Structure formats: C-alpha cells, structure tokens
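The values are calculated or read from the model by the stated rules, or taken from the named source; none is laboratory data. Source: prediction; values computed, not measured. For neighbour counting, all protein chains shown are included, and Cβ atoms are generated from backbone atoms with ideal geometry for every residue, glycine included.
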Amino acid sequence: MAESVSDPLRLFCVDVRDDDHEVVIGATLRLTAVAHALGPPRVRQELLPFIAEYIETDADEPHTHIAKQLGEFTELVGGPSHVSLLLPLLEKLCGEEETTVRDAGVESLNKLVPKLPKPDVTSKFIPMLKRLANGDWFTTRVSATGLFAAVYQHVSDPLQSELRSLFNNLCNDDTPMVRKAAFHNLGKFAGSLQKQYFKSDVYPLIKTISTDDMDHMRQFAISSCASLAKGPLDAGEYGSCILPIIESLADDQSWRVRQELANRFPDLCTNLPSDLAKRMLSFYAKLLKDRESEVRQTAASKLDEVCDRVRGSGIIELIVPCLDALAVDSVQNVRVEFSRSLVGLTPALGKESATKILIPLLQQLTKDDAYEVRNHILTRLELLNESIGSAGLISSVLPSLLELSKDPKFRVRMGVIEKMALLSRIMGVKLFEKKLQSVIIAALSDHVFAIRDVACQQIGLIVAEFGGKWAMDKLFPAAFSIYDKTTNYLHRMTCLLVIQQCAEAAGLEAIEKAFLPIAIQACTDDVANVRIAACKTLTQLIPRMEKKTAQTKILPLLQKMAATDADMDVLYFAQCALNKINKM
C-alpha cells in the first residue's frame, strides 16, 4: 500500500480527479516533474494514455497547463523519435472551445515541429494539420492557422504547395473567426515563404484584407506588411506591391487602422533603400498631422524609432516641418509622447542640424503646462549631450534646466536633481560651482523626501568626481549649514544621509574633520530618529577611519548610548556600531 501511495503517477491521477479545484491545478502544474520522476518508458506507456483519457473531461484551466507543458516533453518521452506520441494529445486540445487551451496547444505544437524527425513531419504532423484545417468545427480551423509558418520550411515542395493552397482556403473561410485567425497569422506565414510565391500566394491576400469592410480586419494587412519588410522581398517588389497598400491605409477612414499603421511604422521601415524610405516618410508625415489625436499621439511616440531606421532619407524635408505643430498640439497626450521621443531624433539629424532644429523645441517644451512634458526632456540628457556636445548643452539647455529646478511639480524638480552628477561631469568643477552647486544645496531642504534622498545620492557621485579635498573646501560647508538643532530635525537627518553617501569617496581627512563632528553631535540629539541615523552613519565611517580615532572619540559615546539610551532602536544600532569598532 505504501508503495502505491508514493508512486508519482498514482498521486497525480488522484489529485487531478480531486473535487478541490486548487488541488487539480497544483497537480497539472506538476506534470513535468511527474514525468521526470517516471522516466521515458513509463511516460510513454502510462502517463500519456492517462492524459489522453483526462483531456476528454471538461476542465479548461487544467487543460491549458497540460497543453503548455507538453511542448517541453521531447526528452521526457525519450527523444525526437517518440515526439509524435504527443501529437494526438495536442490535436485534441487544439480543438477545444476555450481559446486559451487552443493557443497553448498551438504554441506547444510549434515548439515540437523542429524536434520531429523529417519523416514524422511528413507522415504524422502534416496529416494532423490537414485534419485540423478541414475540421467541421471552427475551433480546429482557427488553431490550424497558427501552425503553417512553423512547419512550412520542413516539408517538400509538393507539400509546400498543398500548404499554401490550404492556407488560402482558410483565409477565405465562411466563418469570420477563422478568417480573422488566418489573417492574424498571415504575416508569419508570408515570412516563411520563398520569394517567388509572394505575388501569386501572398499579395492577393494582403490586397484583399487591406480593403475589407471591417476595420479590425484591415489592421491585419499592416502586420503582414511589417513581416514582409523583414522577409524575402527585394526593394522593387516592396515598392510596387506593399507601398501602395501602406499609402491607402495611411488614408483609411478608420482612425484605428491609421493608429495601428503608426504603431507598426518602425517595422515597416526596416532595411529600405533611400528612395523607398523617403516615400514611407511622406506617409508617416500624414500620420503626424492626422486629424485624430490618438493617431498623432501614437505617431509621435514612434518618431525617434522611425527616423533612426531611415537616417538621412528625407527627415529634414518631410518630418522636421511637422515638429513645430506637435510641440504646441492642443492635446496634452500628443505633446507628452512628442517630448518623450524628440531627443531621440538627435542621432538621425546629426550634431549641426540637431542643435539648430531641436534646441528651440526643447526650450519651448520645458515651459509646457503639462509637467509630464517638462519631465521627459530631462530623461534623455545623456543622449542629448552625446549628440550636440557639452558646449551646446551648456549654452542652450542649461538655462532651461535651472528654471525646471524650481518647478512646482516635485517630479520635475527631482528629474533635474537626478542629472546633477551627469551635468557635473559635463561642466567641470568651476562651472558647477558657479551654476549648479546652489541648486543641489537647495534640494537638501526640499519639502519632498524623495528629492532630498536623490540630492544626497548625487552629492556622493559629485564628490567621487571632484574629490574629497574639493568637497571639504567648497561643498560640505554649504551642505552642512542646514544642520541646526533649533530647526526641523529632518534637516539634521539629511546631513547624516549626505555623510553616508559620501563616506567612501571623501577620504580619511574629510571623515575626521568634516563628518565625524556632525555624527558625534547627532548622537546626543533630542530626536531618537536622528540618534539612530547617527549610529548608522558611524557604522559606515568606523571601518574607514583610524583605530585610535574610533577608540578615543567614538567608543565612549557609543558605550554610553548602548547602556543608557531610552529608545530600543537606538540601543540596537549603537551596539551595531560598537561591533564595528571591536572588529578593527
């Protein structure tokens, strides 16, 4: 009895028939582990027959988990020579009514195709595909549409001809759901075909779907064209067949079709010669000026990607004239997406053109009413610096950044502070002292903690850049000027956080002369949170100072705190700092 109870297969069989749904789901999720425990012979002889029996029941979620895992069963059934045993199970699952089950079955079948021996592809997989494609119930035909692309390259020329004909039949099926699935997979299937079959087998289908009465069906023409842009077509065929379809879709009456076209435009522009790329940009310019804000928004979000794909092919003539209107678009979401992608145009435009064209737009967007627009300008300063150089950034963008550091929206102010270390590297120490030091010092007193925290982190990076000696003379006196026991204790906490961020980079002299006096003073603060922060700060400083200094200046103070402080958390962190001294 004990042996039968511990048998993985028997446990699995009991659990999947349990009345508790959670137990059943847990069992099906362990299917792969059960197969590993059984070994290939028992999987073939016992587990697969049981699964065949089980999937006759009505249980959508367990069936989905089983279908997903069967695609990884190649080795579990004993290798490629036995993979065909899985096909009947997945064929059954591909015919179920629940979409998620069918999708999982199709995904697993596509994974198994490369693992099948070539004779099994011809003798077992193709007959199964034909049964699915010719099934009486629409569910099998829907599933069949997702299998053609994976198997097409693995069969002989006569079978490839049959598959093309069969797929064409599915594209013209009487059931709308089958046609929809077929056109959804048309792009993948078209990408697997040989070049010579494009005009005879693929182009008529794309042409037909691009003029379908239903707008959601016309969208499938876009995905098919995007697949062909990466596929077997040469420039001549793409220009003569695909571009006219894209042109008609750019003027489509449905804004959803035009929006989908804008969304897929980067894919449509892949690997195009300059003459075709220029024509494509003329269509894209229409989308940037579309009457519907949703289309303009999507087109604006893809601006940098499109221009990156077609560098030098009409960007100045066709795209740049659209930018001014986008910067002042009446719809906020359009301006938000435009501000997100605008800086990405700099590599495509080149340094000279980027400086001339983009800087005025960036300066305008930093004054936009929407804080998201202002904030996005800050997120890609690194790319802007690489493109227009430090001199251009300082002269053109820095004044706008200084204004944004006073922005009423805290996320915008934080965006400026997050770039302080980058700006310090670009500007150098003298210009940083003159232009930006006051900005980051002011951030230490900001009423938003997130900004104070970021400012402390950036100060740590700046000290690492310019050195501890410079910081002792120029930065720390200003930063620690806010330490005052008569003001808000959060200012004192911020000073301690600055010390923690700078401890590693500042050096021994700064630790003993600038940091230690403040940390020691904080240990006797009236506010327990400050004393806790002081102990944490000392924990970081102690390993970086001389042992004699730690024992003479810090040890007696920590011993007193660990013995007499009224706050339990202070006692704990004081003891942690003492442990650091004991390990020196």
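Tyr203 fulfils the conditions (1) hydroxyl-bearing (Ser, Thr, Tyr); (2) over 15 Å from Ser227 (Cβ atoms); (3) touching a residue at least 12 places away in the same chain (Cβ under 8 Å) except for a single criterion, (2). Checking each residue in segment 187-223 for being assigned to a helix (DSSP H, G or I), over 32 Å from the mean Cα position of the chain (by Cα), surrounded by fewer than 23 Cβ atoms within 10 Å (Cβ to Cβ) and not charged (D, E, K, R) picks out Gln196, Tyr197, Phe198, Ser200, Tyr203, Pro204, Leu205, Thr208. Taking each residue of segment 13-32 that is under 13 Å from Tyr54 (Cα atoms) and looking for partners that are small (Gly, Ala, Ser) with beta-carbon atoms closer than 8 Å, six or more apart or interchain, yields Asp15/Gly26; Asp15/Ala27; Val16/Ala27; Asp18/Ala27; Val24/Ala59.
Residues that are farther than 16 Å from Lys289 by Cα and either in contact with a strand residue (DSSP E or B) (Cβ under 6 Å, 6 or more places away or on another chain) or acidic (Asp, Glu) (or both) within segment 305-346 comprise Glu305, Asp308, listed in sequence order. Within segment 354-377, being small (Gly, Ala, Ser) and either on the phi > 0 side of the Ramachandran plot or surrounded by fewer than 17 Cβ atoms within 10 Å (Cβ to Cβ) (or both) holds for one residue alone: Ala370. The residues of segment 248-280 that are modelled with pLDDT under 90, assigned to a helix (DSSP H, G or I) and either surrounded by 19 or more Cβ atoms within 10 Å (Cβ to Cβ) or under 22 Å from the mean Cα position of the chain (by Cα) (or both), listed by number, are Asp267, Leu268, Leu276, Ala277, Met280. Taking into account only those residues within segment 224-237 that are of a type in the set (A, V, I, L, M) and either assigned to a loop (DSSP other than H, G, I, E, B) or modelled with pLDDT of 80 or more (or both), which is farthest from Ser165 (Cα to Cα)? Step by step, filter segment 224-237, then rank; the result is Ala226.
Which ones in segment 122-154 are β-branched (Val, Ile, Thr) and more than 37 Å from the chain's Cα centre (by Cα)? Scanning segment 122-154 gives Thr122, Ile126.
Pairs linking a residue in segment 208-225 that is farther than 12 Å from Ser248 by Cβ and touching a residue at least 40 places away in the same chain (Cβ under 8 Å) to a residue that is of a type in the set (D, E, K, R) and in a loop (DSSP other than H, G, I, E, B), with Cβ atoms under 9 Å and 6 or more positions apart or on different chains, are Asp215/Asp252; Phe220/Asp212.
Residue-level analysis places Arg425 among those that are touching a residue at least 24 places away in the same chain (Cβ under 8 Å), surrounded by fewer than 17 Cβ atoms within 10 Å (Cβ to Cβ) and within 19 Å of Leu393 (Cα to Cα). Residues of segment 157-180 that are within 24 Å of Leu268 (Cβ to Cβ) and in contact (Cβ under 8 Å) with a residue 40 or more places away in the chain: Lys180 alone.
Inspection of segment 28-49 identifies at least one residue that is of a type in the set (Ser, Thr, Tyr), more than 22 Å from Phe138 (Cα to Cα) and within 31 Å of the chain's Cα centre (by Cα). Considered as a group, the residues in segment 284-302 that are touching a residue at least 40 places away in the same chain (Cβ under 8 Å) and touching an Asp or Glu at 6+ places or on another chain (Cβ under 8 Å) include one that is farthest from Glu337 (Cα to Cα), and that residue is Ser293. Regarding Ser445, is this residue surrounded by fewer than 17 Cβ atoms within 10 Å (Cβ to Cβ) and either in a helix (DSSP H, G or I) or in contact (Cβ under 8 Å) with a residue 12 or more places away in the chain (or both)? For Ser445, the condition - surrounded by fewer than 17 Cβ atoms within 10 Å (Cβ to Cβ) and either in a helix (DSSP H, G or I) or in contact (Cβ under 8 Å) with a residue 12 or more places away in the chain (or both) - is met. Summed over segment 458-503, residues that are more than 35 Å from the chain's Cα centre (by Cα) and part of a helix (DSSP H, G or I) total 22.
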